[in-house]
Amino acid sequence: MSDFKPGWYAVKRLQDGAVDSWYFETRQRVTLTARVLPNGDQILLFRSTPQQPYLSKTWSSAYEWLPTAKPGDHWDNDKYGAAADGKTELPGKFSRSQREPSARELSQRASKACLSSVDGLSCTREIHVGIFFDGTNNNMERDRPSKGHSNIASLYDAHLDDKVEYFAYYVPGVGTKFKEIGELTEDATGKSMARGGEDRIHWALTRLYNAVNRSVNGFDLLDESETKDLVTGVFSGLRTWYRLGDGKMESIFRDLDRRLLKQVADKRPTITRLHLSVFGFSRGAAEARTFCNWLALATRGKVGPAEVNLRFLGIYDTVASVLLADSSPVGSGLFDWANKTMRIPEVEGAVHYVAGHEIRRSFPLSTARAGGSWPAHAKEYVYPGAHSDIGGGYSPGDQGKARGGRSSLMSQIPLNDMYFEALNNGVKLAPFEKMEPLSRQDFKIDTALESAFSAYLDWTPANEKGENLSGSRRGVMENRMEQQMQRYWRWRASKRDTAQFRAMASYQHATAQDRTDLEEGNLDWQADIAHARTASQPSSYTFYSQGMSHTVQVPPDPSRTQRDLLAAVDDTTPIPGEVDRFFDDFVHDSHAGFWLLGPVSQADKNAFANEIRKKNAQHAALLKAADAAAEHGMFEGAVQARQQAERYALNHFEQRVLAQNPKASDDGNPATIPLMTDKEAADLRASAGFDGWIVRNVLGTATRREANGPGHYRRVFDRDHERLQLVDEAVYQSGRLGDAAKDGIDDAVESARQAAAAAKERAQRAAGQAVDNAIDAAGRAAREALQDGLKKIIQPSGPTLY
């Protein structure tokens with residue numbers, strides 16, 4: 001700054017990371033000095049006395065001015081939970097909309113002061129880079145018009161980005177468009193199995209080299225075309241068919257580092273330090289954790305001349321479901337790029353916000369804890385709400401909730417909390433008063449939401465005495481998650497009949513599709529309760545021996561979860577009105593809204609309608625060819641053509657889609673989809689082909705949703721490696737083989753075939769013939785689906801692919 005004003009200034013950083021700060025009363029007088037330690041603690045070194053009223057020091061415009069706390073607030077006041085204590089917490093009860101930084105937080109920020117300018121050396125520079133990994137099926141550009149963009153997008157918008165000292169890079173969620181890596185359309189496999197995650201992480205790593213070069217030379221080291229080739233190339237680039245090691249990545253980045261050093265050699269300023277902050281949500285949080293682990297391997301702590309300082313990791317509700325998720329009988333995620341990469345690395349500060357009311361089996365949580373140990377400088381909080389109530393992604397009005405606009409989305413609270421945590425840890429986010437108006441609007445919080453949230457916190461006190469804080473297998477995270485879920489069950493049980501369920505304000509304001517989803521999802525909830533009651537009743541078993549029947553009484557044998565479920569459901573203690581409103585108006589039902597079948601996004605709907613139109617045209621063309629063959633006396637050919645035409649006949653739901661969408665669907669003519677119910681599940685499975693077979697025969701559900709309802713506890717993983725889920729791996733490799741075959745790449749086909757064979761061999765050794773049979777069955781189904789798919793794109797005139 002160029003204008004002097006009395007106050008605290010950062011003047012020097014010591015080798016241990018501490019910052020010396022002086023209070024300038026005038027340009028020539030210092031009346032207080034303090035040393036701010038890296039964790040925000042303060043040591044007072046000099047205070048004005050009558051004997052020595054000041055120190056003679058000259059103020060410099062290079063010094064960084066530090067904001068001062070309100071009178072009476074001291075640096076050791078931890079009212080916002082600023083200190084990392086190595087355990088899982090509940091969010092604090094305070095007004096987010098009126099929040100101002102405490103003295104403790106200001107002290108933390110002072111410890112992160114940027115001292116490249118303080119040193120007064122114009123020939124050196126420190127830069128700040130933020131990487132933002134969005135969640136599965138979250139895309140900032142696509143979602144912004146409906147105000148359904150995630151918290152990651154809002155934080156990205158808030159990060160300074162002058163392309164000289166400050167850089168921000170946004171990574172769209174898996175399954176969505178990302179043209180920089182060649183993903184020009186939405187990808188169903190990206191949404192279901194996280195395909196494209198590895199490419200996104202590699203792309204983000206290349207940004208660090210671009211940032212350093214641009215800060216010095218004014219242009220990127222890698223242009224867009226070269227980056228795409230590097231990231232997506234299998235043989236000369238970074239992509240792998242299945243992540244079995246990091247040697248290729250390390251070698252490529254060594255070469256990239258040498259190239260960067262040549263570009264910046266003898267140039268000024270020299271980039272001495274790269275302060276890195278990484279954010280992520282959902283699978284994007286898993287990408288963020290993998291990114292931080294690969295960072296150490298790829299850079300060995302330096303990007304060109306710049307020392308890498310991993311300053312902050314801010315993640316929302318990590319879901320590392322890569323390959324088949326935990327909802328499958330044998331899958332648990334943590335495969336491929338997510339294998340052995342979930343540990344929180346050495347970082348100055350890390351914060352993890354998790355969803356206490358996420359009820360989908362496909363969304364297991366990867367906690368920050370690694371076994372029985374907590375990473376240093378990490379904090380973890382359990383918030384009420386579903387997955388996207390924490391990381392964002394719902395639009396106002398979804399399921400009839402957040403009717404007051406974006407400010408009334410539950411995700412606004414963890415958004416603001418993360419914003420303050422990031423600022424406290426030195427992330428270069430713009431202060432509210434300097435944000436662009438639209439960005440500032442993103443952080444507003446409705447007062448009704450704050451009131452209901454506070455009421456819920458009062459209703460859910462932490463049971464410290466009943467919790468296991470030792471870090472054992474069922475530690476504090478599991479206890480807190482279970483307590484949150486029991487509260488959710490208790491509220492949900494208060495809507496005991498259809499009339500009470502339909503009387504909810506959110507139901508009244510929901511769309512027809514949302515109402516259908518909610519009612520059918522509620523049937524799953526009722527089934528969970530019924531199963532728990534059946535398991536809690538004695539039963540009998542009759543068998544026959546020597547011509548006589550014998551009946552044995554079997555005592556009740558409910559699981560612990562079923563016992564807890566019934567205890568919550570049968571509790572008739574009244575629920576406070578504000579708590580009821582909190583769940584009704586602000587917490588989404590993620591189970592009801594999670595479709596395993598049917599198009600989700602508008603791009604999905606357009607593609608779905610267009611495929612049905614093509615299928616119908618193929619059916620008509622084959623019938624026409626059959627008629628022509630019959631007219632020329634080619635009766636056998638006519639019969640074959642009609643038989644083949646039957647493969648393209650539209651089912652009832654597809655006929656309804658075609659009737660609503662007679663013309664090609666695109667952004668200018670978006671497709672509309674008829675109301676989907678569980679009655680259409682069979683038709684939707686048929687439309688989905690092999691994916692539909694997986695839903696019915698692997699995931700085991702006859703509905704459009706997961707097989708279970710909300711009556712279970714969320715799985716919590718505290719490991720970072722895959723378990724022995726070899727059937728998953730073999731099927732996954734078979735899928736990659738199919739992709740390669742369709743692409744017609746001989747080398748890629750051979751590589752994928754070898755990987756599939758190796759996976760099958762490992763599965764056979766581990767589990768014997770039963771596993772082999774399962775793999776062969778899945779393989780046959782995959783081959784048949786692939787053959788069917790190839791047949792569908794053969795024109796009647798001959799084997800021409802289009």
From 426, 405, 397, residue being farther than 30 Å from residue 705 by Cα and over 20 Å from the mean Cα position of the chain (by Cα): 426
Number of the condition not met by residue 507 [criteria: (1) within 15 Å of residue 563 (Cα to Cα); (2) surrounded by 17 or more Cβ atoms within 10 Å (Cβ to Cβ)]: (1)
Matching residues, the stretch 361-380, being surrounded by fewer than 19 Cβ atoms within 10 Å (Cβ to Cβ) and part of a strand (DSSP E or B): 370, 373
Residue 246 vs. criteria over 25 Å from the mean Cα position of the chain (by Cα) and either outside the structural domain of residue 156 (by TED's automatic domain parsing) or of a type outside the set (Ser, Thr, Tyr) (or both): no
Qualifying residues in the stretch 626-681 (those that are part of a loop (DSSP other than H, G, I, E, B) and among the basic types (Lys, Arg)) - the one surrounded by the most Cβ atoms within 10 Å (Cβ to Cβ): 647
Residue match in the stretch 568-586 (condition: closer than 30 Å to residue 176 by Cβ, out of contact with any helix residue (DSSP H, G or I) (no Cβ under 7 Å at 6 or more places or on another chain) and assigned to a loop (DSSP other than H, G, I, E, B)): no
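Identify, please: which residue in the stretch 1-20 is of a type in the set (Gly, Ala, Ser) and within 39 Å of the chain's Cα centre (by Cα) and is, among those, nearest to residue 56 (Cα to Cα)?
10
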Residue in the stretch 381-394 that is closer than 18 Å to residue 88 by Cα, touching a helix residue (DSSP H, G or I) at 6+ places or on another chain (Cβ under 7 Å) and aliphatic (A, V, I, L, M) present: yes
Pair list, Cβ under 6 Å, 6 or more apart: the stretch 690-705 residue without any contact (Cβ under 8 Å) to a residue 40 or more places away in the chain, other residue crowded, with 17+ Cβ neighbours inside 10 Å and not in a loop (DSSP other than H, G, I, E, B): 696/685
Unmet requirement for residue 116, which otherwise passes all of (1) modelled with pLDDT under 85; (2) out of contact with any Lys or Arg (no Cβ under 8 Å at 6 or more places or on another chain); (3) among the hydroxyl-bearing types (Ser, Thr, Tyr): (2)
Condition met for residue 56 (at pLDDT below 90 and either of a type in the set (Ser, Thr, Tyr) or surrounded by 13 or more Cβ atoms within 10 Å (Cβ to Cβ) (or both)): no
Members of the stretch 343-365 that are in contact with a Pro (Cβ under 9 Å, 6 or more places away or on another chain) and among the hydrophobic types (A, V, I, L, M, F, W, C): 344, 347, 350, 355, 359
The stretch 177-198, residues that are assigned to a helix (DSSP H, G or I) and closer than 23 Å to residue 689 by Cβ: 188, 189, 190, 191, 192, 193
Residues (surrounded by 10 or more Cβ atoms within 10 Å (Cβ to Cβ), at pLDDT below 95 and touching a Pro at 6+ places or on another chain (Cβ under 8 Å)) located in the stretch 540-580: 554, 556
Filter result (buried (at least 17 other Cβ atoms within 10 Å of the Cβ) and assigned to a loop (DSSP other than H, G, I, E, B)) within the stretch 39-53: 40
Extreme residue, nearest to residue 514 (Cα to Cα), among residues of the stretch 657-699 that are of a type in the set (Lys, Arg) and out of contact with any helix residue (DSSP H, G or I) (no Cβ under 7 Å at 6 or more places or on another chain): 679
Subset of the stretch 159-207 (residues that are in contact (Cβ under 8 Å) with a residue 12 or more places away in the chain and aliphatic (A, V, I, L, M)): 160, 164, 168, 171, 174, 181, 188, 193, 194, 201, 204, 205
Of the criteria (1) of a type in the set (D, E, K, R); (2) in a helix (DSSP H, G or I); (3) touching a residue at least 60 places away in the same chain (Cβ under 8 Å); (4) loosely packed, with under 14 Cβ neighbours inside 10 Å, which one residue 287 fails: (4)
One residue from 434, 428 being assigned by TED's automatic domain parsing to the domain that holds residue 377 and without any contact (Cβ under 8 Å) to a residue 24 or more places away in the chain: 434
All positions within the stretch 223-254 that are under 21 Å from residue 292 (Cα atoms) and not in a helix (DSSP H, G or I): 237, 238, 239, 240, 242, 243, 244, 245, 246
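The values are calculated or read from the model by the stated rules, or taken from the named source; none is laboratory data. In this text, all values refer to a predicted model and were calculated from it rather than measured experimentally. Don't worry about glycine lacking a Cβ; one is built from the backbone with ideal geometry, like all the others, and counts go over all protein chains shown.
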